[in-house]
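The values are calculated or read from the model by the stated rules, or taken from the named source; none is laboratory data. The shown structure was predicted, so the numbers you read here are calculated from the model rather than taken from an experiment. Neighbour counts are summed over all protein chains in view; Cβ atoms, including those assigned to glycine, are modelled from backbone coordinates with ideal geometry. When the accessible area is computed, the model is the full protein with side chains, heavy atoms only, and any ligands, DNA or RNA have been set aside. Shrake-Rupley method; radii C 1.70, N 1.55, O 1.52, S 1.80 Å.
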Amino acid sequence: MGNKRKNIVLIGMMGTGKSTVGAHLAEQLGYCPIDLDLAIVQEAGASIPELFEQRGESGFRDLESGVLEATLQGEGIVLATGGGAVLREHNRSVMSSCGWVVALTATAEDILQRVGEDKNRPLLAGGAKERVYTLLEERKHAYEFADVTVDTTDKSPEQVSAEILTHYRG
Ligand code: S3P
């Protein structure tokens, strides 16, 4: 502990490219890529929509907090978190103390293009467009605790990853 740069934690809204960028970044650094949603699904043995259905959002958030904290005990990890993992103060403090936190941002249009049709995101059920705008408004300050923020607009995952690396090594 004590060394924030032992892990990289990607935060940001759904559809900002955290998982894709995380995988690329990990490859560049020789780090281990971990997708928090996937780790939760493996741990719980159920899909994200099933978990929301069975346990409600707060039950899902409890699982998310546990897997987040356990994962960040390691080092040499690039962790792509779910968009709502930042909502709990305790999670934010775990991320900040065990990792170097990078926020990815994107426009509502880009986000909708990437995840608008995705049935695997329960928070977008019943009107993705309206839900994305609402969540962006509700979470407009939620990602500000990051050590660095990178706008992904008009950039490929490789470009975003290269930009993060410049900050990380700088
Ligand atoms: C959520 C984002 C999702 C997933 C869950 C809730 C959120 O992850 O954790 O559906 O609250 O924004 P992605 O950001 O990877 O889509």
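Quick look at the values:
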| quantity | calculated |
| --- | --- |
| Subset of the stretch 119-144 [under 28 Å from residue 4 (Cα atoms) and more than 13 Å from the ligand (Cβ to nearest atom)] | 140, 141, 144 |
| Residue check, residue 124 touching a residue at least 60 places away in the same chain (Cβ under 8 Å) and more than 24 Å from residue 165 (Cα to Cα) | yes |
| Any hit, the stretch 92-103, residues being under 14 Å from residue 16 (Cα atoms) and in contact (Cβ under 8 Å) with a residue 60 or more places away in the chain | yes |
| Helices (runs of 4 or more DSSP H) within the stretch 1-118 that include 3 or more residues within 12 Å of the ligand (Cβ to nearest atom) and open to solvent by 30 Å² or more (accessible area, probe 1.4 Å) | 36-44, 48-71 |
| Matching residues in the stretch 119-130 - criterion: being within 18 Å of the chain's Cα centre (by Cα) and open to solvent by less than 70 Å² (accessible area, probe 1.4 Å) | 122, 123, 124 |
